[in-house]
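Below: the structure, in structure tokens.
No lab work stands behind these numbers, since they all come straight from the coordinates. All of these numbers come straight from a predicted model, not from anything done at the bench. Virtual Cβ from ideal backbone geometry, glycine too; neighbours counted across all protein chains shown.
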Amino acid sequence: MTNRILVCPFDESIINTLHHEAVVVTINDPRDVVPAAAEVRKSNMLHAVSLHISLPLSFIHFEREWAEVPLALYAPSMGDFKTVADMLPILRMLNIRIFLPADKKESYTSARILSSLKVPVGLSFNGSSPDWETMSDLMHFAVYSRVEHAPIEPFDYLINNYRINDRTDFDSVYFNDSSRYLHISKEGRVGLSFNDIAEDQYIADSIADIQDIENMPEYRNNVDKWQEHFHRSDGCAYCGGWRACLGKFFEVTEDRKACGKFFTEVMEAAENNKKIHGQRRELWQP
Ligand code: SF4
């Protein structure tokens with residue numbers, strides 16, 4: 001595993017066992033943003049702080065000192081727009097990306113508003129099917145709108161990392177791509193995603209095992225799990241959008257035509273983007 005990144009809770013007994021690792025530290029209390037970042041930076045590289053809150057965004061008191069912290073903020077909704085608008089000067093100073101749940105219709109409007117106000121945003125997926133038409137509308141705004149706006153994930157990642165003859169896994173946006181991220185539980189066990197940790201699904205029982213993780217069958221089986229879609233004749237094996245989705249919505253979406261159409265549109269947008277950039281002449285720079 002090259003450029004491994006560890007995702008772990010803000011727990012000194014765990015963080016102090018790590019040295020020279022790239023770390024995403026997870027917290028639930030906004031007051032922990034700066035202390036958690038400082039704790040990781042004592043002997044590791046901070047990749048990001050992942051803050052998961054249960055109150056709307058408008059309830060957060062953003063601090064100027066957060067500007068030094070790469071921050072992924074997961075909130076259930078935007079909340080009161082006027083309050084958020086008043087926070088814009090400080091929000092724009094921060095190195096932040098705000099995620100809203102894709103299974104709530106209001107999130108799409110909120111994401112569009114925040115993006116238009118130059119605040120980077122994203123949709124988060126929590127195991128239920130999004131409305132594919134609404135997703136498509138937002139993706140078109142994110143990719144094609146000429147109005148200046150901040151990136152919207154996961155579309156920005158897919159467009160910029162798309163490979164014409166290969167898979168593009170947007171799980172990285174959520175620190176869940178198992179070829180890059182390993183998750184550590186509060187007991188020090190190792191899983192491959194936030195869901196794995198929440199569901200007590202582990203591939204190793206100790207942080208010490210991460211040094212040899214690539215040779216563990218439990219790890220290899222999970223990293224190669226995408227191949228399972230080709231062992232059975234379900235919808236994903238024949239889906240035109242598979243290289244951008246990798247079957248992520250197979251369990252939660254019944255209408256595979258709708259999700260397939262959406263991811264085919266994403267791939268077309270990414271291919272167009274590549275063509276446009278391929279045609280652009282690079283002029284000499286003074
Ligand atoms: S878009 Fe739908 S059908 Fe296609 S790979 Fe994803 S889940 Fe499967």
Which percentage, to the nearest 5, of the DSSP beta bridges contained in the chain is antiparallel? 10 percent
Give me the net charge for the shell around Gln201: Cβ to Cβ below 13 angstrom, other residues only, Lys and Arg +1, Asp and Glu -1. -3
When the scattering of region 83-148 is computed by the Debye formula from its Cα atoms alone, each counted once and equally, what is log10 I(q)/I(0) at q = 0.12, 0.27 Å⁻¹? -0.32, -1.24
28 Å Cα cut-off, lysine pairs counted over the chain (separation 8 or more, or different chains): 27
Subtracting the Cα-Cα distance from 0.36 nm times the residue separation, let me have the gained length for Ala85 to Arg163 in nm, one decimal. 24.4 nm
Evaluated at q = 0.10 Å⁻¹: base-10 log I(q)/I(0), Debye formula over Cα of region 170-275: -0.37
Which stretch or stretches of region 156-182 have amide N atoms under 15 Å from the point lying 7 Å from Glu218's Cα along the Cα→Cβ direction? 182
Please turn the phi angles of region 154-167 into ³J(HN,Hα) values with the Karplus equation 6.51 cos²θ - 1.76 cosθ + 1.60 (θ = phi - 60°), one per residue in order, whole Hz, x for glycine and proline. x, 5, 4, 5, 4, 5, 7, 10, 5, 10, 4, 10, 9, 7
Expressed in nm to one decimal, what extension gain is obtained for the pair Glu63 and Ser116 from 0.36 nm per residue of sequence separation less their Cα-Cα distance? 16.9 nm
Gain in length, Arg232 to Val34, computed as 0.36 nm per residue apart minus the alpha-carbon separation, to one decimal in nm? 66.5 nm
Please rank Cys8, Cys236, fewest neighbouring Cβ atoms within 10 Å first, as an exposure proxy. Cys236, Cys8
How many nm separate the modelled label positions at Lys261 and Asp177, each set 7 Å beyond the Cα in the direction of the Cβ? 2.9 nm
Given the candidates Leu94, Ala150, Asn221, the one whose Cα lies deepest towards the positive end of the charge dipole of the chain, counting +1 at each Lys or Arg C-beta and -1 at each Asp or Glu C-beta, is Ala150
